[in-house]
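Just so it is clear, none of the values below were taken in a lab; they were calculated from the coordinates. Predicted, not measured: the structure shown is a model, and the values here were computed from it. So basically every Cβ, Gly included, is an ideal-geometry build from the backbone, and we count neighbours across all protein chains shown.
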Amino acid sequence: MKQSHLFTKTRKDAPKDEVSKNAQLLIRAGFIHKEMAGVYSFLPLGLRTLNKIIEVIRQEMNAIGSQEITLTALQDKKNWEKTGRWDDAVLDVWFKTKLKNETEVGLGSTHEEELTALMKDYIASYRDVPRYVYQFQTKFRNETRAKSGIMRCREFVMKDLYSFSADTAQHDAFYEKVKQAYIKIFERVGLGAVTYVTFASGGSFSKYSHEFQTITDAGEDLIYIDEKKKIAVNKEVLNDEVLKDLGVRREDLIEKKAVEVGNIFNLSTRFSDALELSYVDQKGVKQPVIMGSYGIGPGRVMGTIAETFADDKGLVWPESIAPFKVHLIGIFDKEGKVAAYAEQLYSDLTAKGIEVLYDDRDLRPGEKFADADLIGLPLRVVVSEKLMATDSVEVKARTNETADIKTRTEFLNYV
């Protein structure tokens, strides 16, 4: 991508009503556009990053035997009435509307009801379970407070996975697979060192659920961490019984602010009972399907990465999910020799399969460097008349203060 071709531009200031650091930086860097409070559009750079996060998640979900689908956002009122969740007093984040024939429908905030109803057409026998189904789908939640940028939105993409198992043992085995897959996901996107599997309330279905909490000052949750044992507990469930159950001492716990980037829940037969999803076992006896749900918000992950790694100059992207690996910057001469040299280097890099954002704009060097820091790609590579004289380039990692001079051949071998 040549930077002159991007319709987006960096900006010095974010909207005055934007208070979250992640949104301020992502808007200034041209990754997202704020439509209204809690609603953001993803622009070319932002969509590339979002899609890379989605692909990491997709790969790990496929690796544990899950199948990808896409469900509808419009929700059938009848299914939600069967579970008691159509009532705003039970689920208070509904967006509801009506069709022209006055039929009331909802915009899905989650998809347990719809998928459970759908699976009634495909699960009837013990031969049909287990089944693991996931999607990346737009959710709508009428949040009272939406001031955390893309970490808490009213419209957002969610990866939600649902498991349908024959019994508790089968469910528990898959639940553990998902937990390990989530750990891999957060390692791959760069959050592994600051993300903890956190014990949280299991509701009425099990003793615990598990949240994946990333340490950040922008977090809305408080968690308590035993750093030696790598155990974290959400403040909501922290009590003497839980401490004893987990084998940790209160004096060993450190309080941290964190943001929930993923969660996994046992659902037991809550939805299969209400929507009559069952199977006939090998003895001919009808049995309820045991369910679980497992969520990750790719946009929330992206916002958390922006919050966690940004510095006073701008964004800092891990290579695995950066929109481009290399930010190639040309400091041009009047004769056009540097431009020709940079164009050839750009071609050589793209031929190697390296993703490059080439700043070919006619701007002062300081403006280009400031934009590069704000956008936050892993490597900044500078070509100038002086460097070209020795067939060299200046290479600087976004996380380093100092730059290295490498010959063009050394650099091409390096990347």
- prompt: Where does the stretch 212-263 land on the Kirkwood hydrodynamic radius, alpha-carbon pairs, in angstrom?
  reply: 11.1
Structure-derived P(r) over Cα pairs in 20 Å bins from 0, in percent - corresponding label in [x] 23, 37, 24, 15, 1; [y] 26, 57, 17, 0; [z] 24, 49, 24, 4, 0: [z]
- prompt: Hey, got the dipole for the chain? About the Cα centre, +1 on K and R Cβ, -1 on D and E Cβ, debye to the nearest 20?
  reply: 380
statement: Summed over the other residues with a beta carbon less than 10 angstrom from that of ALA370, with K and R at +1 and D and E at -1, the charge totals +1
- prompt: Against the longest principal axis of the chain, how steep is helix 298-309, in degrees 0 to 90 to the nearest 10, with axes from Cα atoms?
  reply: 50
message: Per residue of the stretch 342-356, what does 6.51 cos²θ - 1.76 cosθ + 1.60 with θ = phi - 60° give for ³J(HN,Hα)? Whole Hz please, x for Gly and Pro, Karplus curve as stated.
response: 5, 4, 5, 5, 4, 5, 5, 5, 5, 5, 7, x, 7, 7, 10
- prompt: Which ordering of HIS210, HIS33 is given by a fewest-first count of other beta-carbon atoms within 10 Å?
  reply: HIS33, HIS210
- prompt: Taking a ≥ b ≥ c as the square roots of the eigenvalues of the Cα gyration tensor of the stretch 326-414, is the shape rounded (a/c under 1.5), prolate (a/b larger than b/c) or oblate?
  reply: rounded
field: Highest-fluctuation residue, ALA181, ALA173, ALA89 considered, GNM on the chain with Cα pairs under 10 Å
entry: ALA89
task: Give the angle, between 0 and 90 degrees and rounded to the nearest 10, that separates the Cα long axis of helix 365-375 from the longest principal axis of the Cα atoms of the chain.
output: 10
message: Through the Karplus equation 6.51 cos²θ - 1.76 cosθ + 1.60, θ set to phi - 60°, convert the phi angles of the stretch 4-20 into ³J(HN,Hα) values in whole Hz; use x for Gly and Pro.
response: 5, 8, 5, 6, 7, 9, 6, 9, 6, 10, 8, x, 4, 8, 9, 9, 7
message: Suppose every Lys and Arg Cβ carries +1 and every Asp and Glu Cβ carries -1, with no other charges. What dipole size does the stretch 326-414 come out with about its Cα centre, to the nearest 20 debye?
response: 100
- request: With everything on Cα atoms, drop me the angle between helix 168-188 and the longest principal axis of the chain, reported from 0 to 90° to the nearest 10.
  value: 10
message: Let me check I've understood the local charge: for GLU394, count other residues with C-beta under 10 angstrom from its C-beta, Lys and Arg +1, Asp and Glu -1. What total comes out?
response: +3
- prompt: Applying 1/(1 + (r/R0)^6) with R0 = 60 Å to the Cβ-Cβ distance of GLU236 and LYS337, what FRET efficiency is obtained, to the nearest 0.05?
  reply: 0.40
task: List the trypsin sites (Lys or Arg not before Pro) within the stretch 57-130 that fall in a DSSP loop (any state other than H, G, I, E or B) and whose Cβ has at most 10 other Cβ atoms within 10 Å.
output: LYS100
task: Treat each spin label as a single point 7 Å out from the Cα along the C-beta direction, and report the ARG127 to VAL90 distance in nm.
output: 3.5
query: For ASN51 and GLU102, FRET efficiency with R0 = 45 Å and r from the beta-carbon atoms, rounded to 0.05?
result: 0.70
field: the stretch 5-23 residues near the modelled ALA37 label - backbone nitrogen below 15 Å, point 7 Å along Cα→Cβ
entry: 16-20
- request: Grab the DSSP H runs of the chain that are 4 residues or longer, score each as -39,500 (n - 2.57), total them, divide by all residues and round the 222 nm result to the nearest 500 deg cm²/dmol.
  value: -9000 deg cm²/dmol
- prompt: Can you list the residues of the stretch 243-261 with backbone N under 11 Å from a point 7 Å past the Cα of LYS207, pointing along Cα to Cβ?
  reply: 243-247
message: Using the Karplus curve 6.51 cos²θ - 1.76 cosθ + 1.60 with θ = phi - 60°, what ³J(HN,Hα) values do you get for each residue of the stretch 404-410, in whole Hz, with x for Gly and Pro?
response: 10, 9, 10, 5, 4, 5, 4
- prompt: Taking chymotrypsin sites (Phe, Trp or Tyr not before Pro) that fall in a DSSP loop and have at most 16 other Cβ atoms within 10 Å as cut points, what is the longest piece of the chain between them?
  reply: 206-415
message: How compact is the stretch 183-243 by the rule of thumb for globular proteins, expressed as Cα Rg over 2.2 N^0.38 Å?
response: 1.15
